[in-house]
1. Is segment 150-165 home to any residue that is within 23 Å of Ala81 (Cβ to Cβ), touching an Asp or Glu at 6+ places or on another chain (Cβ under 8 Å) and touching a residue at least 24 places away in the same chain (Cβ under 8 Å)?
2. Restricting to segment 30-44, give me the number of residues that are more than 16 Å from Lys63 (Cα to Cα) and surrounded by 11 or more Cβ atoms within 10 Å (Cβ to Cβ).
3. Taking Glu137, is it in a helix (DSSP H, G or I), at pLDDT 90 or above and either exposed (fewer than 12 other Cβ atoms within 10 Å of the Cβ) or not hydroxyl-bearing (Ser, Thr, Tyr) (or both)?
4. Which ranges mark the helices (runs of 4 or more DSSP H) fully within segment 37-130 that have 2 or more residues being over 17 Å from the mean Cα position of the chain (by Cα) and at pLDDT 75 or above?
5. Would you confirm whether any residue within segment 152-173 is at pLDDT below 80, closer than 23 Å to Lys22 by Cβ and of a type outside the set (Phe, Trp, Tyr)?
Amino acid sequence: MTDETKDVVYQILRLLRENAIKILMGIRENEKIRWKELQEITKMPTATFNRALSALQEIHFIKKEDNLYQLTWTGKLVSDALVLIGWRLAEAGEQVKDFVAEELLAKDISMAIIVLLFISIKRRGKLNIEAFEKSMEDEMKVAKSILEEYEKDGYIEIKDGWIISKEKMNELDISKIFK
């Protein structure tokens, strides 16, 4: 990993703190929003709010057009992922509906694949799409095998086309990734 890549990764991880997440989710829930309204929603001190807002703009998670803040496509990906793991601006957030969760997950994975494809094409100069599609099918089989192992370990149950969380799944604290 180059120093430049490390710097970008570090910036992204540093951003994913509670203040920046509050701003991301505030914009997500209101789509286009003015500075004052966003600050009132997040209830953050002005200096802290401005630093987090500036950092989110610098890393291109949000943008400002006509004095309104909105998410960029990468900001939407991040906020969608946060919704999938259950993060809400409000204390008692509602559950994500099943059909929405699958749709968001598929969209996020597709966007991540597209980004990785472009990175690969840029580095290598070419990509065999048929070989890639075949490899993706093989990797989906691997993913299913991994899920079956988690089922054996008691974390999930696979039944009638659904992957159902078991009590043991509560031991995996995914939210710790962002702290």
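1. no
2. Final tally of qualifying residues: 4.
3. Yes; evaluated as a whole, the condition is true for this residue.
4. Because the criterion is at least 2 residues that are over 17 Å from the mean Cα position of the chain (by Cα) and at pLDDT 75 or above, the helices (runs of 4 or more DSSP H) in segment 37-130 that meet it are 46-58, 98-124.
5. Scanning segment 152-173, I find at least one residue that is at pLDDT below 80, closer than 23 Å to Lys22 by Cβ and of a type outside the set (Phe, Trp, Tyr), so the answer is yes.
The values are calculated or read from the model by the stated rules, or taken from the named source; none is laboratory data. Bear in mind the structure is a predicted one, so any value in this text is a computation, not a measurement. Methodologically, a virtual Cβ is constructed for each residue, glycine included, from the backbone with ideal geometry; neighbour enumeration extends over all protein chains shown.
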